[in-house]
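The values are calculated or read from the model by the stated rules, or taken from the named source; none is laboratory data. Because the structure is predicted, anything quoted here is derived from the model rather than measured. All Cβ positions, even for glycine, are placed from backbone atoms using ideal geometry, and neighbour counts span all protein chains on display.
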Amino acid sequence: MNLPSLAGLRATRRAALLALSLWATQGLSPAWADAATPPGAQAALWAVAGQEQPALLETLRALVNIESGSSDREGLDRISELIAGRLRDLGGEVNFIEAAPADLYRMEDTPSRPGRMVHAVFKGSGQRRILLIAHMDTVYPRGMLAQQPYRVEGNRAYGLGIADDKQGVATVLHTVALLKRLGLNGYGQLTVLINGDEEISSPASRKTLAQFGREHDLVLSYEATRVGGDKLSLATSGIAMASLKVVGRASHAGGAPEAGVNALYELSHQLLQMRDLSVPERGLKVNWTIAKAGVVRNMIPPEASAQADVRLLRVSDLQALDRELQARIQRRLLPGSEVSVSLENRRPPLEPSDAARRVGAHAQQIYREIGHELQIDDRPEGGGTDAAFAALETRAPVLERLGLQGFGAHSDKAEYVLLDSIQPRLYLGLRLIGDFAAGRVPGPN
Ligand SMILES: [Zn+2]
């Protein structure tokens with residue numbers, strides 16, 4: 001961790017404590033705020049959030065320089081070591097969480113050893129428990145860093161995976177560092193969970209995310225917000241995959257076609273009778289996109305399969321869809337065929353809750369203190385994130401996009417974050433955590 005000089009640190013801490021005592025006793029912003037401070041801002045918090053920029057960029061450089069694709073266990077081990085070391089230096093109780101084989105949700109693209117999680121606990125003086133999440137894995141295979149190395153140009157810091165989600169990891173680390181430096185520990189417990197499998201739908205971490213969500217009173221997820229839209233999100237899309245399998249019986253297509261059971265015919269029947277499963281007014285989309293059948297031209301096909309892409313906005317729609325699929329496959333064209341269907345839950349949707357809306361409204365007020373407008377978006381944009389797993393079994397407010405403003409995720413375009421979003425976003429996180437810990441923001445109920 002890059003820290004300012006000791007003298008500078010003491011001065012910052014004195015100013016911060018003074019500001020905080022004013023804030024605590026009067027709920028006012030200090031009158032001696034300097035000219036560069038927006039008139040409504042808590043001056044000391046605003047100042048330290050600004051002073052943190054060089055250290056945060058230094059952390060970003062270190063994180064970008066370790067390639068950590070979701071299937072790159074060696075890279076993930078190295079980056080998780082770095083993150084764990086930082087959290088330990090900040091006084092956290094740190095351990096790695098490796099999913100037990102029984103807790104692993106295996107999907108078609110799940111690697112044999114998904115990345116481990118970094119887990120850190122900070123004990124405070126209050127009651128409320130706050131969870132900060134971000135992910136260290138990227139969609140990029142090893143070797144692509146050379147095309148998008150870390151560099152700063154003007155208001156942009158470029159680098160592979162910098163927006164999704166290395167900025168989230170860095171923002172969490174420096175938020176915790178500033179809370180510690182300011183002596184802001186009014187929470188009961190502050191938990192940090194950084195996982196290494198978000199980009200492959202969190203096969204190893206989904207259970208832990210749901211459990212931690214249950215055990216906390218507020219969840220802040222640090223995916224990036226957009227360059228063109230400074231927002232927090234209360235909703236994300238759910239993604240699933242339906243797999244249909246038909247088993248028939250092979251036979252010579254010329255010699256004895258009647259002895260076979262044509263799996264391709266049965267699959268066609270099934271797809272046609274399951275082409276109306278979308279419910280547009282509920283945001284449920286089911287589209288069959290892949291089909292395979294047949295071995296050679298002169299054989300009645302013994303097997304056929306198909307897959308559908310599923311998007312949903314409500315957790316309950318997944319179970320309902322599963323029931324519907326199981327009911328539909330009972331209607332066969334060819335009684336001699338076997339048909340089965342399964343639903344792979346890639347990622348549940350995050351549904352906006354009233355609790356999250358209240359925290360969102362408070363975040364808007366905080367942003368206004370520094371003269372910024374914060375959008376609170378309760379409609380999903382199409383992507384899914386880990387906030388949804390964290391929200392699955394809890395009534396606690398869950399908010400997404402606490403990270404910096406970023407651009408270019410999941411593409412070969414130059415990925416970057418905006419430097420001038422660092423100070424406002426650190427300020428927002430610090431104020432939100434401080435206020436929530438102090439009970440100034442409504443909790444789950
Ligand atoms: Zn991400």
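Please count how many residues of region 255-300 are surrounded by 18 or more Cβ atoms within 10 Å (Cβ to Cβ) and within 14 Å of Val339 (Cα to Cα). Residues in region 255-300 being surrounded by 18 or more Cβ atoms within 10 Å (Cβ to Cβ) and within 14 Å of Val339 (Cα to Cα): 10 in total. Going by the conditions given, is Pro352 over 26 Å from Ala44 (Cα atoms), away from the ligand (no atom under 16 Å from the Cβ) and under 16 Å from the mean Cα position of the chain (by Cα)? Against the criterion (over 26 Å from Ala44 (Cα atoms), away from the ligand (no atom under 16 Å from the Cβ) and under 16 Å from the mean Cα position of the chain (by Cα)), Pro352 qualifies. Among the residues of region 167-176, is there at least one that is in contact with an Asp or Glu (Cβ under 9 Å, 6 or more places away or on another chain), crowded, with 24+ Cβ neighbours inside 10 Å, at positive phi and in the same structural domain as Ala391 (by TED's automatic domain parsing)? Scanning region 167-176 turns up no residue that is in contact with an Asp or Glu (Cβ under 9 Å, 6 or more places away or on another chain), crowded, with 24+ Cβ neighbours inside 10 Å, at positive phi and in the same structural domain as Ala391 (by TED's automatic domain parsing). When Val94 is tested against the conditions (1) surrounded by fewer than 24 Cβ atoms within 10 Å (Cβ to Cβ); (2) more than 16 Å from the ligand (Cβ to nearest atom); (3) in contact (Cβ under 8 Å) with a residue 40 or more places away in the chain, the lone failure is (3).
Conditions (1) within 13 Å of the ligand (Cβ to nearest atom); (2) without any contact (Cβ under 8 Å) to a residue 12 or more places away in the chain; (3) touching a helix residue (DSSP H, G or I) at 6+ places or on another chain (Cβ under 6 Å); (4) hydrophobic (A, V, I, L, M, F, W, C), marked per residue:
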position	(1), (2), (3), (4)
Lys123	no, no, no, no
Ala146	no, yes, no, yes
Ala170	no, no, yes, yes
Ala177	no, no, no, yes
Asn185	no, no, no, no
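Among the conditions (1) surrounded by fewer than 14 Cβ atoms within 10 Å (Cβ to Cβ); (2) modelled with pLDDT under 95; (3) not β-branched (Val, Ile, Thr), the only one that Ser237 does not satisfy is (1).
Only one of the listed residues (Leu271, Leu218) is in the same structural domain as Gln319 (by TED's automatic domain parsing), more than 16 Å from Ile300 (Cα to Cα) and not acidic (Asp, Glu). That residue is Leu271. Residues that are within 26 Å of Arg314 (Cβ to Cβ) and not small (Gly, Ala, Ser) within region 363-373 comprise just one, Gln364. Considering region 262-300, the residues that are of a type in the set (D, E, K, R) and within 19 Å of Leu244 (Cβ to Cβ) include one that is modelled with the lowest pLDDT, namely Lys285. Scan region 367-420 for residues that are in contact with a helix residue (DSSP H, G or I) (Cβ under 9 Å, 6 or more places away or on another chain) and of a type in the set (Lys, Arg) and the total you get is 2. Evaluation of Arg314 against the conditions (1) at pLDDT 95 or above; (2) over 29 Å from Arg156 (Cβ atoms); (3) not polar (S, T, N, Q) shows that the sole unmet condition is (1).
State all residues of region 49-71 that are under 19 Å from Pro203 (Cα atoms) and either aliphatic (A, V, I, L, M) or crowded, with 22+ Cβ neighbours inside 10 Å (or both); if no residue qualifies, say none. Listed by number, the residues that qualify are Ser68, Gly69, Ser70.
Step by step: first the residues of region 111-150, then only those that are small (Gly, Ala, Ser) and in contact with a Phe, Trp or Tyr (Cβ under 9 Å, 6 or more places away or on another chain), then the one that is surrounded by the most Cβ atoms within 10 Å (Cβ to Cβ). Which residue is that?
The qualifying residue surrounded by the most Cβ atoms within 10 Å (Cβ to Cβ) is Ala134.
Taken over region 98-121, the residue count meeting the criterion of being free of Cβ contacts under 8 Å to residues at least 60 places away in the same chain and over 13 Å from Lys207 (Cα atoms) is 2. Looking only at residues in region 359-417 that are polar (S, T, N, Q) and free of Cβ contacts under 8 Å to residues at least 60 places away in the same chain, the one that is farthest from the ligand (Cβ to nearest atom) is Gln365. Based on what the data block shows, is Asn445 under 30 Å from Ala263 (Cα atoms), at pLDDT below 95 and in contact with a helix residue (DSSP H, G or I) (Cβ under 9 Å, 6 or more places away or on another chain)? Spelling it out, it is not the case that Asn445 is under 30 Å from Ala263 (Cα atoms), at pLDDT below 95 and in contact with a helix residue (DSSP H, G or I) (Cβ under 9 Å, 6 or more places away or on another chain). Evaluated against (1) within 16 Å of the ligand (Cβ to nearest atom); (2) surrounded by fewer than 22 Cβ atoms within 10 Å (Cβ to Cβ), Asp230 falls short on exactly one condition, (1). Taken over region 151-168, the criterion of being among the charged types (D, E, K, R) and either more than 16 Å from the ligand (Cβ to nearest atom) or touching a Phe, Trp or Tyr at 6+ places or on another chain (Cβ under 8 Å) (or both) is satisfied by Arg151, Glu153, Arg156, Asp165. On the stretch given as region 187-225, residues that are assigned to a loop (DSSP other than H, G, I, E, B) and within 16 Å of the ligand (Cβ to nearest atom) total 10. Out of Gly229, Gly159, Gly248, one residue alone is within 20 Å of Ser71 (Cα to Cα), in contact (Cβ under 8 Å) with a residue 12 or more places away in the chain and not aromatic (Phe, Trp, Tyr). It is Gly159. In summary, helices (runs of 4 or more DSSP H) completely within region 310-406 and bearing 1 or more residues that are surrounded by 24 or more Cβ atoms within 10 Å (Cβ to Cβ) occur at 354-369, 387-391.
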